[in-house]
Amino acid sequence: MIKAFQYTHQKYFFIKLFCCIFFISSQAIASPVNIHRSKDFKSLIIQSERPEIVICISATNQFIKNNKEYEQIQWLDTTSSTAILNEKEENNHLIRVISLNADVLPKNTSFFRYWVHAKVVCEQVDEAYPSLKIIESTSNKK
Amino acid sequence: MNKSKFKFFICIFAFILSIESFAAEINGAGGTLALPIIKIWISKYQTITSDKISYQGIGSANGIKNITAQAVDFAITDIGLTEAELLQDDLIQFPLLAGGITPVINLPGIRANELNLSGKILANIYLGKITYWDDASIAQINPSVKLEHIRIKPLYRKDGSGTSFTFTNYLSKVSDDWHNTLGIGSTLSWPSGEGKNGNDGISKSVLETEGAIGYVEYFYATNNKLTTVRLENADGKFIEPNYNNFMHAVQQAKWKRESFYDSLNQLPGPDSWPIIGISYVLIHTKNNVSNDAKQTLAFFDWIFSSGSSLAKDNNYISFTDPNLVKKIKSSWKLVQDTKGQGVYK
């Protein structure tokens, strides 16, 4: 009797353990890739991010913190390798444009929430802190 | 212990302390573009001072990382930082030298400066669109050169490199395809080729690999006896890399920004070499160990006053214009010690 109880108890313990592991791992798989989240300029440099795009990543992290439209941004593991920086001089002004791929989570009140693919475009005029815009991709809800 | 013995030990102790405070050990790290001349300068400087200076060529991006982490007293980077970037980390930046960046090739039977290349062709080679040396576009601008059907093996820097930053800045200026797909980068997802570390790594691989093409600072090309090419400049003229042609481009620098950030690529003039790298020094403005910061600035002071002929001997261009040097030294007044006191008078 006692043995049977112990066996059942053990069985339930393993079922519970399995459920826990399954739940945690499924959450991990579903969670977005969150590299560089809320990292500042210095942390990103020390983390070996491309120095020339760090100002745009850190400016965007800051921008999202106080933003009415977006709740979160998730940088992708390809963000760094697909980033495009270009610069030009126009009428004696130095203009640098950095574009980065990311996913953003728009703020809304509905139950279903979608991550949306977006392009972050930072424009730095005459070496000032960059201004940025987030351009959502229309066809890409996750 | 009697009084005289006590005095003797006090003197010895004071002597050791004085050696410690005068013979500073200064550490720097960063780009490999300037590494050869930095080594030469350090070696010369140490014949006139007891200060010990070391410099590690670990690539510009790692140099920035090291100065940000305050692991070194100064960094040298060919990835210029803008004012907004410098302010994020309390850094000052000033230009130290400029050097010509040149494509180098390994093609049997082709001598130095015999082959003509244009920016668009270079971009198409690195984009993987031109894959053989006898491609029609290369043959068209080299009517008198016998080109063999050898596969092109592009080599690029795999470390975070200021030389790559400058080279891709040039490619971005001369090729719309490059501009739209890859842009400027210290590291990139290069569409074709193989990555190597440092200017030295590229030089060695070009020497060893038939059909290879790479890009290095001119010192590495001459020192390793690599085959350089004639490159089309902004005026549409094919010119060879040499000190005078680098100088024609560097002389056009305006240094109008507080950060001294500038690009000297693809500047006009019939003799202007189209790819010029600028090596900048980065130093923290705050919380410096007073003596180390003083000795660091003393080293750069010496370079500006006495280093230019050594630079010229090695085909580097150092900056001697009194107005520029005055502006640079004026920026040093921002460098403070841990007590907030300026270290440069």
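What ³J(HN,Hα) values, in whole Hz, does the Karplus curve 6.51 cos²θ - 1.76 cosθ + 1.60 give for region B:330-336 when θ = phi - 60°, with x put for Gly and Pro?
Coupling constants for region B:330-336: 5, 5, 5, 5, 7, 6, 10 Hz.
Hey, quick one: spin label on B:Thr131, modelled 7 Å out along Cα-Cβ, who in region B:165-209 has an amide N within reach, i.e. under 15 Å?
B:191-194
Do you know the relative contact order of chain B, to the nearest whole percent, from alpha carbon pairs under 8 angstrom that are 6+ apart?
Details: 717 pairs, mean separation 80.8, N = 345.
Taking the mean separation of contacting Cα pairs over the length of chain B, I get 23 percent.
Computed FRET efficiency, Cβ-Cβ of B:Ser308 and A:Glu90, R0 35 Å: what is it to the nearest 0.05? List each step's numbers first, then the result.
Working: r = 34 Å, r/R0 = 0.97.
Computed FRET efficiency for B:Ser308 and A:Glu90 comes out at 0.55.
Hey, got a sec? Which chymotrypsin sites (Phe, Trp or Tyr not before Pro) in region A:67-138 land in a DSSP loop and have at most 12 other Cβ atoms within 10 Å? Walk me through the intermediate numbers first.
Working: sites: A:Tyr70, A:Trp75, A:Phe111, A:Phe112, A:Tyr114, A:Trp115; in loops: A:Phe111, A:Phe112, A:Tyr114, A:Trp115.
Those satisfying the criteria are A:Phe111, A:Phe112.
Can you give the log10 of the normalised intensity I(q)/I(0) at q = 0.09, 0.12, 0.13, 0.14 Å⁻¹, computed with Debye over equal Cα scatterers of chain B?
Debye curve over Cα of chain B, log10 I(q)/I(0) at q = 0.09, 0.12, 0.13, 0.14 Å⁻¹: -0.51, -0.83, -0.95, -1.08.
How would you rank A:Lys65, B:Lys153, B:Lys345, B:Lys327, going from fewest to most other Cβ atoms within 10 Å of each one's own Cβ? Present the calculation step by step, with values, prior to reporting the outcome.
Working: A:Lys65 11, B:Lys153 20, B:Lys345 6, B:Lys327 14.
Lowest count first: B:Lys345, A:Lys65, B:Lys327, B:Lys153.
How would region B:152-220 be classified by its alpha-carbon gyration tensor: rounded, prolate or oblate, with rounded meaning a/c under 1.5 and the a/b versus b/c comparison settling the rest? Kindly include the intermediate steps, with their values, before the conclusion.
On the way: a/c = 1.89, a/b = 1.55, b/c = 1.22.
Prolate shape, in that a/c is at least 1.5 and a/b is the bigger ratio.
In nanometres, what is the gap between the two model label sites at B:Asp176 and A:Glu123, each 7 Å from Cα along Cα-to-Cβ?
Label-label distance for B:Asp176 and A:Glu123, simple model: 2.1 nm.
How shielded is A:47-58 by partner chains, expressed as the average number of their Cβ atoms within 10 Å of its Cβ atoms? Show your work: numbers first, answer last.
On the way: counts 1, 6, 4, 8, 17, 15, 4, 5, 6, 0, 0, 2.
What the average comes to for A:47-58 is 6.
Grab the beta carbon distance between B:Thr338 and B:Thr209, set R0 = 60 Å, and tell me the FRET efficiency rounded to 0.05.
Working: r = 50 Å, r/R0 = 0.84.
After rounding to 0.05, the efficiency reads 0.75.
Order these by the 10 Å Cβ neighbour count, fewest first: B:Ile38, B:Ile79. Before the final figure, lay out the partial values.
Numbers: B:Ile38 26, B:Ile79 29.
Final ranking by Cβ density, sparse to dense: B:Ile38, B:Ile79.
Give me the extension gain from B:Ser144 to B:Arg111: residue separation times 0.36 nm, minus the current Cα-Cα distance, reported in nm with one decimal. Write out the running numbers ahead of the final one.
Numbers: separation 33, 0.36 × 33 = 11.88 nm, distance 1.28 nm.
10.6 nm is the gain from fully extending B:Ser144 to B:Arg111.
Give the peptides A:83-89, B:232-238 in descending order of average Cβ contacts within 10 Å, highest first. Before the final figure, lay out each step's value.
Values: A:83-89: 18.7, B:232-238: 16.0.
With the highest mean Cβ count within 10 Å placed first, the list reads A:83-89, B:232-238.
Just from its helices, what would the mean residue ellipticity at 222 nm be for chain B, if runs of 4 or more DSSP H residues each count -39500 (n - 2.57) and the sum is divided by every residue, rounded to the nearest 500 deg cm²/dmol?
Working: 14 runs with 136 residues, N = 345.
Helix-only estimate at 222 nm: -11500 deg cm²/dmol.
Place a +1 charge on the Cβ of each Lys and Arg in chain B and a -1 charge on the Cβ of each Asp and Glu, then give the dipole magnitude about the Cα centre in debye, rounded to the nearest 20. Kindly include the intermediate steps, with their values, before the conclusion.
Details: 33 positive and 32 negative charges, 214 e Å.
Magnitude of the dipole: close to 1020 debye.
If R₀ is 51 angstrom, what is the calculated FRET efficiency for the pair A:Asp77 and B:Ile48, using the beta carbon separation as r and rounding to 0.05? It would help to have the intermediate numbers written out before the result.
Working: r = 51 Å, r/R0 = 1.00.
FRET efficiency, A:Asp77 to B:Ile48: 0.50.
For peptide B:84-91, how many partner chain Cβ atoms fall within 10 Å of a residue's Cβ, on average? Working shown, then result.
Working: counts 10, 10, 1, 4, 10, 4, 1, 0.
Averaged over the peptide's residues, the number is 5.
Would region B:275-345 count as rounded, prolate or oblate if I go by the C-alpha gyration tensor, calling it rounded below 1.5 in a/c and otherwise prolate when a/b exceeds b/c, oblate otherwise?
Numbers: a/c = 2.22, a/b = 2.20, b/c = 1.01.
Verdict is prolate for region B:275-345.
Above 43 Å lies some portion of the pair distances; for the protein assembly as shown, what is it as a whole percent of all C-alpha pairs?
Working: 32343 of 118341 pairs.
Result for the distance tail: 27 percent.
Could you check how many percent of all C-alpha pairs in region A:33-141 are farther apart than 20 Å? Spell out each step's value before the answer.
Values: 2298 of 5886 pairs.
More than 20 Å apart: 39 percent of the Cα pairs in region A:33-141.
Peptide B:163-176: average number of partner chain Cβ atoms within 10 Å per residue? Intermediate results must be reported in sequence, preceding the final value.
Numbers: counts 0, 0, 4, 0, 0, 2, 4, 0, 0, 5, 3, 0, 0, 0.
For peptide B:163-176, the averaged partner shielding equals 1.
Subtracting the Cα-Cα distance from 0.36 nm times the residue separation, let me have the gained length for A:Ser131 to A:Ser43 in nm, one decimal. Show your work: numbers first, answer last.
Working: separation 88, 0.36 × 88 = 31.68 nm, distance 2.09 nm.
Gain on extension, A:Ser131 to A:Ser43, equals 29.6 nm.
From a point 7 Å beyond the Cα of B:Arg257 in the direction of its Cβ, which residues of region A:81-119 have a backbone N at a distance under 12 Å?
Counting only backbone N, you get A:87-90, A:93-97.
Coordinate-derived values only; no laboratory data. What you see is a predicted model, and the numbers here were worked out from it, not measured in a lab. We place every Cβ from the backbone using ideal geometry, glycine too, and count neighbours over all the protein chains shown.
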